[in-house]
Amino acid sequence: MKSTKTKKTPTFAQAVLPVIAMLLIFGIGIGRFGLPAEPLMLLAAVVSGIEAVLLGYSYNDIMNEIAEKISKIWGALLILVIVGFMIGSFMAGGTIPMLIYYGLKLINPKFLAVTAFIVTALVSVLTGTSWGSAGTIGVAFMGVAVGMNANLPLVAGAVVSGAYFGDKLSPLSDTTNLSSAVCGVDLYEHVYNQLWTTGFAAVLSVICYLIIGQMGASGQGEVPEMVGLLTSSLDSMFHWNILLLLPLIIVLAGSIMRKPTIPVMLAASLFALINGAIFQHIDLTNLVNATINGFNVSMLGFTEADMPAELLRLLHRGGMMAMMNTLLIAICAISFAGTMTVTGALTVLVEGLLSRVNTVFGLIASTIVTCLITTGVTSNGQVSILMPGEAFRDAYIKRGLHPKVLSRTLEDSVTCTECLIPWTAAGAYMATTLGVATLSYLPYAILNYSGIVFALIWAATGIGITKTSKK
């Protein structure tokens with residue numbers, strides 16, 4: 001007679017054990033040894049998987065749960081790959097270089113901070129990457145600030161704010177796609193809903209940068225030689241034409257009309273590649289290579305040795321391969337989530353944490369605190385979006401809140417705050433790239449923390465909080 005194991009629901013102590021193990025593994029692995037997040041997440045999944053087996057769940061149960069979760073976000077993962085494809089084509093076609101060129105031309109010494117915020121935000125929205133925009137246009141603005149003897153932490157904070165404005169609101173951003181996917185929200189609906197927090201935070205940022213910038217203005221100054229070198233180099237490499245903006249118009253029109261994301265991106269990429277062939281005279285082999293491995297100045301007949309390092313940082317980006325790391329961390333995080341949800345551990349945890357939370361404000365505040373703690377311990381934004389998103393989604397639905405409220409809160413409390421924590425990869429990258437310590441630019445990164453303030457205000461007042469219908 002065959003005996004079958006009884007599948008048990010974990011107690012709260014058993015449910016919290018994998019989470020504690022994950023926090024310890026990440027804290028020691030990243031904090032002490034600087035190890036990459038992917039193998040650490042898999043190790044945490046192993047710990048959670050062993051507990052699931054001890055509770056009576058089979059290997060097939062675990063794998064089926066992981067496969068189901070991956071299938072739910074497969075559309076977003078595919079979008080990430082297409083985003084890399086599109087950025088590479090936009091670079092080769094001259095669309096992004098043209099925007100960078102005229103962005104640099106807009107620099108006005110009297111309004112340096114607010115200009116840095118607006119232009120960096122524009123580039124970030126169009127490219128979908130906070131790191132890329134800060135490491136390119138942001139570096140140029142820091143060069144301007146140095147030449148003008150301006151307030152460097154102020155300008156760095158403005159750059160960081162602008163960079164993360166785009167990281168939240170761009171349909172090309174990996175965190176934007178992940179947040180919408182893990183909560184089961186349409187990408188563009190998620191983007192528009194973030195205007196309640198990010199939009200108001202952006203307006204507040206512009207007002208503050210205008211006031212602080214005027215108070216600290218020390219004269220008109222002159223644009224440093226580096227900016228002139230960048231613009232002249234771009235002008236000599238690319239052939240500008242109004243049609244280079246057509247791919248951008250297609251993306252914006254598709255976003256406004258809420259057309260399917262992937263077809264819109266592919267259509268925009270196709271026109272960008274045509275521009276690359278017609279206006280930039282790039283051959284077919286290099287055009288295809290740009291969509292896979294990213295753009296390189298050699299595709300235009302220039303050598304890297306002859307180009308300024310700042311220009312290479314501006315141009316060398318894009319390609320589907322650039323998205324592989326994000327795909328990998330997403331799959332590893334979902335593997336951990338699957339081993340926890342198969343036993344119902346996440347449900348037990350959330351119910352335990354929210355047992356005394358009876359208001360919308362309490363729910364959103366609990367989400368924010370959980371995300372901040374997860375980000376601080378794991379030092380990884382993707383993990384800090386995926387795990388709390390998976391844990392809190394059902395709680396929001398049960399309490400009559402639309403999942404897009406959760407997806408917005410995840411971005412308010414993870415995407416924008418990761419770069420404000422010195423020991424995270426984002427904080428270290430911004431500090432190193434901009435040449436200003438994280439805690440020095442933190443007070444001036446107004447958009448990054450004011451989004452949380454607005455999230456709590458709307459939670460307390462009910463403004464901008466979408467409820468679900470019984471259907």
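The values are calculated or read from the model by the stated rules, or taken from the named source; none is laboratory data. What you are looking at is a predicted structure, and each value in this text was computed from that prediction instead of being measured. Virtual Cβ from ideal backbone geometry, glycine too; neighbours counted across all protein chains shown.
Total residues in region 51-61 satisfying the condition of being part of a helix (DSSP H, G or I), surrounded by fewer than 22 Cβ atoms within 10 Å (Cβ to Cβ) and out of contact with any Leu (no Cβ under 7 Å at 6 or more places or on another chain): the figure is 5. Assessment of region 412-419 against the conditions (surrounded by fewer than 24 Cβ atoms within 10 Å (Cβ to Cβ) and either closer than 29 Å to residue 146 by Cβ or not charged (D, E, K, R) (or both)) yields no matching residue.
In region 417-437, is there at least one residue being over 30 Å from residue 139 (Cβ atoms), in contact (Cβ under 8 Å) with a residue 40 or more places away in the chain and under 19 Å from the mean Cα position of the chain (by Cα)? Among the residues of region 417-437, not one is over 30 Å from residue 139 (Cβ atoms), in contact (Cβ under 8 Å) with a residue 40 or more places away in the chain and under 19 Å from the mean Cα position of the chain (by Cα), which makes the answer no.
For every residue, the table says whether it meets (1) over 27 Å from residue 54 (Cβ atoms); (2) at pLDDT below 80; (3) hydrophobic (A, V, I, L, M, F, W, C); (4) out of contact with any helix residue (DSSP H, G or I) (no Cβ under 9 Å at 6 or more places or on another chain).
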{"position": "348", "(1), (2), (3), (4)": "no, no, yes, no"}
{"position": "351", "(1), (2), (3), (4)": "no, yes, no, no"}
{"position": "354", "(1), (2), (3), (4)": "no, yes, yes, no"}
{"position": "362", "(1), (2), (3), (4)": "yes, no, no, no"}
{"position": "366", "(1), (2), (3), (4)": "yes, no, no, no"}
{"position": "372", "(1), (2), (3), (4)": "yes, no, yes, no"}
{"position": "385", "(1), (2), (3), (4)": "yes, no, yes, no"}
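If you go through region 434-455 and pick out every residue that is among the β-branched types (Val, Ile, Thr), touching a helix residue (DSSP H, G or I) at 6+ places or on another chain (Cβ under 6 Å) and assigned to a helix (DSSP H, G or I), you end up with 3. Candidates in region 326-349 are the residues that are farther than 18 Å from residue 43 by Cβ and in a helix (DSSP H, G or I); of these, the one that is nearest to the chain's Cα centre (by Cα) is 326. Among the residues of region 29-49, is any without any contact (Cβ under 8 Å) to a residue 40 or more places away in the chain and on the phi > 0 side of the Ramachandran plot? Checked against the condition, which is being without any contact (Cβ under 8 Å) to a residue 40 or more places away in the chain and on the phi > 0 side of the Ramachandran plot, region 29-49 yields at least one hit. From the list 40, 35, exactly one residue is outside any helix (DSSP H, G or I), closer than 28 Å to residue 421 by Cα and out of contact with any strand residue (DSSP E or B) (no Cβ under 6 Å at 6 or more places or on another chain). Which is it? Of 40, 35, the one residue that is outside any helix (DSSP H, G or I), closer than 28 Å to residue 421 by Cα and out of contact with any strand residue (DSSP E or B) (no Cβ under 6 Å at 6 or more places or on another chain) is 35. One residue stands out among those in region 280-296 that are of a type in the set (A, V, I, L, M) and in contact with a helix residue (DSSP H, G or I) (Cβ under 6 Å, 6 or more places away or on another chain): the one that is nearest to residue 234 (Cα to Cα), which is 282.
Selection over region 283-311 of residues that are surrounded by 14 or more Cβ atoms within 10 Å (Cβ to Cβ) and assigned to a helix (DSSP H, G or I) gives a count of 13. Checking every residue in region 444-467 against the condition of being more than 18 Å from residue 374 (Cα to Cα), modelled with pLDDT under 90, over 17 Å from the mean Cα position of the chain (by Cα) and buried (at least 23 other Cβ atoms within 10 Å of the Cβ) gives zero matches. Taking the conditions exactly as written (more than 21 Å from residue 103 (Cα to Cα), in a loop (DSSP other than H, G, I, E, B), among the aromatic types (Phe, Trp, Tyr) and modelled with pLDDT of 90 or more), does residue 271 satisfy them or not? No; evaluated as a whole, the condition is false for this residue. Take the residues of region 391-402 that are in contact (Cβ under 8 Å) with a residue 40 or more places away in the chain and either farther than 12 Å from residue 367 by Cβ or under 15 Å from the mean Cα position of the chain (by Cα) (or both): which is surrounded by the fewest Cβ atoms within 10 Å (Cβ to Cβ)? Residue satisfying both the conditions and the ranking: 400. Screening residue 264 against (1) of a type in the set (Val, Ile, Thr); (2) surrounded by 19 or more Cβ atoms within 10 Å (Cβ to Cβ); (3) at pLDDT below 85 leaves a single unmet condition, (3).
The lone criterion from (1) within 26 Å of residue 458 (Cβ to Cβ); (2) modelled with pLDDT of 85 or more; (3) touching a Gly at 6+ places or on another chain (Cβ under 6 Å) left unmet by residue 194 is number (3).
Among the residues making up region 185-204, those that are in a helix (DSSP H, G or I), within 18 Å of residue 253 (Cβ to Cβ) and not hydroxyl-bearing (Ser, Thr, Tyr) are 187, 189, 191. Number of residues in region 65-111 that are part of a loop (DSSP other than H, G, I, E, B) and at pLDDT 75 or above: the value is 1.
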